[in-house]
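Remarks on the structure that follows.
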Amino acid sequence: MPKLEIHQFPCLSDNFGVLIRDAEAGVVASIDAPDAKAVAAALATQGWRLTHILTTHHHGDHTGGNLALKGETRCTIFGPRAEAAKVPGIDTALGDGDAFKLGGHEVRVLDTPGHTAGHISYWIPSANVAFVGDTLFAIGCGRVIEGNHEMMWHSLQKLMGLPKETAIYCGHEYTQANARFALTIEPENEALQKRAKAVDQMRATGKATLPTTIGLELETNPFLRPDSPAIQKRLGMAGKPAWQIFGEIRERKNRS
């Protein structure tokens, strides 16, 4: 199996750009395109030539660089079928269950709506990695803008079902603020306490807190833990459906 190289870099105010490459096949994809200049600079630093953009959702801080990069490189833009009319320069529209080859790797598409109505995530099983845009964050999740809480919970469940060792790349560096909020929801979680301290140390030295893993999120992310008796008790929601408990946590985060 050819190696999948991954290069993550900060851009805009708090976004992450990610480039992936299969050197054997000469294929390079940008996961979203927050800013054309930042992506071009990262490509130049790596000495890579862009062939694809894999769009997770239509928001401008994820698609703002699409047209400029396509004009410069003639890359092919993939994106969500349900938002195809909103994704600049889209060539190939994708939805749940679709798969395609990126060099020697199969990329599987998961519908993960909630943040936007047609948001998708890209899972590459052979490389144990998934690119989830603004659906799941480290110790957090995306704001529910175009969907509803039940929809978002089902999307998170899809990601929770990936192998625990799966590396997760998200759209933003929100981890430190997310950790502070998470400790108000599940302060007794020792794994979360330990992780929050580690995140503070990483950010103090300018290090990125991503990627994370599914396994780590299952242990420390309150949005994935509505089944926790401690969380249910603290929220006064013992025995309530998981999606309703998730919704209450999301609403509290909105107000925090």
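The values are calculated or read from the model by the stated rules, or taken from the named source; none is laboratory data. For clarity, every value in this text was computed on a predicted model and none was experimentally measured. Neighbour counts run over all protein chains shown; Cβ positions are idealised from the backbone, glycine included.
Summary table
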| item | result |
| --- | --- |
| 2 or more residues without any contact (Cβ under 8 Å) to a residue 40 or more places away in the chain and either outside the structural domain of I185 (by TED's automatic domain parsing) or within 21 Å of T209 (Cβ to Cβ) (or both): qualifying strands (runs of 3 or more DSSP E) within the stretch 50-152 | 76-80, 92-94, 99-102, 105-111 |
| Q157, sole failed condition from (1) without any contact (Cβ under 8 Å) to a residue 24 or more places away in the chain; (2) over 15 Å from the mean Cα position of the chain (by Cα); (3) within 19 Å of A242 (Cβ to Cβ) | (2) |
| Hey, I245 modelled with pLDDT of 95 or more, more than 20 Å from the chain's Cα centre (by Cα) and surrounded by 21 or more Cβ atoms within 10 Å (Cβ to Cβ) or not | yes |
| Residues (of a type in the set (S, T, N, Q) and touching a strand residue (DSSP E or B) at 6+ places or on another chain (Cβ under 8 Å)) located in the stretch 176-234 | N178, T212, T213, N221 |
| Tally of residues being part of a strand (DSSP E or B) and surrounded by fewer than 14 Cβ atoms within 10 Å (Cβ to Cβ) across the stretch 1-49 | 0 |
| Leading residue by the ranking (surrounded by the fewest Cβ atoms within 10 Å (Cβ to Cβ)) among those in the stretch 221-231 that are assigned to a helix (DSSP H, G or I) and within 26 Å of the chain's Cα centre (by Cα) | I231 |
| Verdict on Q244 being farther than 23 Å from H172 by Cβ and either of a type in the set (S, T, N, Q) or not in a strand (DSSP E or B) (or both) | yes |
| Unique residue being touching a Pro at 6+ places or on another chain (Cβ under 7 Å), under 23 Å from P34 (Cβ atoms) and among the hydrophobic types (A, V, I, L, M, F, W, C) when the list is A177, A167 | A167 |
| Residue in the stretch 40-61 that is over 17 Å from F131 (Cα atoms) and of a type in the set (S, T, Y) present | yes |
| L12 vs. criteria hydrophobic (A, V, I, L, M, F, W, C), assigned by TED's automatic domain parsing to the domain that holds T116 and on the phi > 0 side of the Ramachandran plot | yes |
| Residue match in the stretch 201-208 (condition: surrounded by fewer than 20 Cβ atoms within 10 Å (Cβ to Cβ), closer than 15 Å to G133 by Cβ and under 16 Å from the mean Cα position of the chain (by Cα)) | no |
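Residue-by-condition table, conditions (1) at pLDDT 95 or above; (2) buried (at least 19 other Cβ atoms within 10 Å of the Cβ); (3) touching a Lys or Arg at 6+ places or on another chain (Cβ under 9 Å):
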| site | (1), (2), (3) |
| --- | --- |
| A84 | yes, no, no |
| L94 | yes, yes, yes |
| A99 | yes, no, yes |
| H115 | yes, yes, yes |
| G118 | yes, yes, yes |
| L136 | yes, yes, no |
| M160 | yes, no, no |
| P163 | yes, no, no |
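Conditions tested, residue by residue: (1) touching an Asp or Glu at 6+ places or on another chain (Cβ under 9 Å); (2) among the hydrophobic types (A, V, I, L, M, F, W, C); (3) under 21 Å from E5 (Cα atoms).
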| site | (1), (2), (3) |
| --- | --- |
| G71 | no, no, no |
| P80 | yes, no, no |
| V87 | no, yes, no |
| F100 | yes, yes, yes |
| G104 | yes, no, yes |
| A117 | yes, yes, no |
| T135 | no, no, no |
| A138 | yes, yes, no |
| M152 | no, yes, no |
